[in-house]
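Contents: one structure, followed by commentary.
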Amino acid sequence: MHATSPVVASPVAERVIPRRSVVSWVLYDLANTIFSMGVVSMYFSFYIRSEVGPGRADSAYGLISALSMGIIFVVSPMLGAMTDRARTRMPFLVWSTLICVTLTAMLGRADYRVTLLLFVVANAAYQAGLQFYDAMLPEVTTVENRGRISGIGVGVGYLGSFIAVGLGIYYGTGDLPKLFGLIAVVFLIFAIPCFLFVHEQGNPNPRPVFDWTAMKASTRDTIATFRNGHQYPGLIRFLVGRVFYTDAINTVISIMTLYTVNVAVASGQGEDAAKKTASLIMMVAISFAVLGGFFWGWLADRIGPKRTLNIVLVMWMATFVAAAAMGLMHLPLPLFFGVASAAGIALGGIWAADRPLMLRLTPPDRIGEFYGLYGMVGRFSAITGPIIWAIVAKLTIENGLLKVEQGQGVGVLVLLILVGISFYILRPVSDAPRDWSQLAPPK
């Protein structure tokens, strides 16, 4: 008899990710940042200010932003779970982007109330697309380079802010409908490569998506995740902590332009000059956010996303103290460029660290659902943050207790407290690799 030959397992072929897929994924970060900076953070606040006046602009914009985020907060977990059931996520990203750019191109072309409605839906579509986009991170990365690629996406993404601010500087803000249309077109142009060249591995077990049973199942899965949080070590604590720091950071992003304009006016500049100064300060912040994204992404791969996030949050707390002092103490306007530099560096670090950290806490077969939760807490903070800001503005500015820039400085101190709370909550969270093999898959 011949001895039986030993069976040698075939080596598992290492997955090769085409460079153009990575580049195209990164370009979408640039594309959606054009909308985020150009519409959400800058020019739509100019539109609100021109319609309701500087005294009511903070509270009006805060409330309309909260309404927009409220929509996506309700539906984001269900959307995420639905993408886990779908064969691929890309159609969700394509349609959310098309809705966003179409409605953005229509902003300011109708009366005030219709424009507000268009903004609400466009921003909700943008936020949904961001959720689908984040969930594609595993398609263009490996475990070893996830922080670096995420950081590159953040860094290159903030180049989109240069484009958005540059459009406003070059074309001016006198014709906002035209500016919104240009932003929509450029957003779409830079998004198209992602649609064409990011190739997903695909869901080996696709299930029905667009039916009532699937929607109920998606909701049930999300509720079960919270009830069985012990199966996902650190997840619930991370999500709760993320509410507080994204609450503060998203709010300061959305009001930074208004705050800068008011500080500049208080220092003696006219309205037009103050807007130009605000644009220059935003450009400085963006420049450092680009550099910060590359640095923090590299650091996250070296020391881990959790330790990186800790450092970033400490930097944010110091930045909020300095930013509040600008309005409360009437510090010289040139110091705002230093504050903007620190804010930019810290801003690049948040998204470079917390996207990879979320992936460490996520079972591979439930990425869409869990990034839906990740997005949901971000949207919740984007609801509560503007509401908190509107309340502070109402109590301090509209009641005449403080000047506009001083009331906004008080608001920044409130945001500082939120970052401190998040830092405390996140202390026990670990980014050690998880073994998901014993976890029962969702039905």
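The values are calculated or read from the model by the stated rules, or taken from the named source; none is laboratory data. All of these numbers come straight from a predicted model, not from anything done at the bench. Note that we place each Cβ from the backbone using ideal geometry, even for glycine, and neighbour counts take in every protein chain shown.
Side notes on the structure shown:
- Qualifying residue in segment 113-136 (condition: surrounded by fewer than 19 Cβ atoms within 10 Å (Cβ to Cβ), touching a Pro at 6+ places or on another chain (Cβ under 7 Å) and either free of Cβ contacts under 8 Å to residues at least 12 places away in the same chain or outside any helix (DSSP H, G or I) (or both)): no
- Sole exception among (1) in contact (Cβ under 8 Å) with a residue 40 or more places away in the chain; (2) assigned to a helix (DSSP H, G or I); (3) among the aliphatic types (A, V, I, L, M) for L333, by number: (2)
- Residues that are of a type in the set (G, A, S), part of a helix (DSSP H, G or I) and modelled with pLDDT of 70 or more, drawn from segment 217-251: A224, G241, A248
- Residues (surrounded by fewer than 19 Cβ atoms within 10 Å (Cβ to Cβ) and small (G, A, S)) located in segment 399-416: G400
- Qualifying residue in segment 90-97 (condition: in contact (Cβ under 8 Å) with a residue 40 or more places away in the chain, buried (at least 20 other Cβ atoms within 10 Å of the Cβ) and closer than 21 Å to D175 by Cβ): no
- Options A324, A318; residue that is assigned to a helix (DSSP H, G or I), among the small types (G, A, S) and touching a residue at least 40 places away in the same chain (Cβ under 8 Å): A324
- Segment 290-314 residues that are under 21 Å from S422 (Cα atoms), paired with ones that are part of a loop (DSSP other than H, G, I, E, B) and not acidic (D, E) (beta carbon under 8 Å, 6 or more apart): K306/V429; K306/S430
- Qualifying residue in segment 385-398 (condition: surrounded by fewer than 18 Cβ atoms within 10 Å (Cβ to Cβ), over 24 Å from M136 (Cβ atoms), without any contact (Cβ under 8 Å) to a residue 24 or more places away in the chain and not β-branched (V, I, T)): yes
- Members of segment 154-186 that are assigned to a helix (DSSP H, G or I), surrounded by fewer than 21 Cβ atoms within 10 Å (Cβ to Cβ) and among the hydroxyl-bearing types (S, T, Y): Y170, Y171
One line per residue, one yes/no per condition, for (1) among the aromatic types (F, W, Y); (2) part of a helix (DSSP H, G or I); (3) modelled with pLDDT of 70 or more:
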| position | (1), (2), (3) |
| --- | --- |
| L188 | no, yes, yes |
| I192 | no, yes, yes |
| F195 | yes, yes, yes |
| Q201 | no, no, yes |
| F210 | yes, no, no |
| M215 | no, yes, no |
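- The residues of segment 314-344 that are surrounded by 23 or more Cβ atoms within 10 Å (Cβ to Cβ) and among the aliphatic types (A, V, I, L, M), listed by number, are A323, M326, V339, A340, A343.
- L359 meets all of the listed conditions (1) more than 19 Å from the chain's Cα centre (by Cα); (2) over 18 Å from V321 (Cα atoms) but one, namely (1).
- Options M82, M78, M42: the member that is within 28 Å of I397 (Cβ to Cβ) and in a helix (DSSP H, G or I): M42
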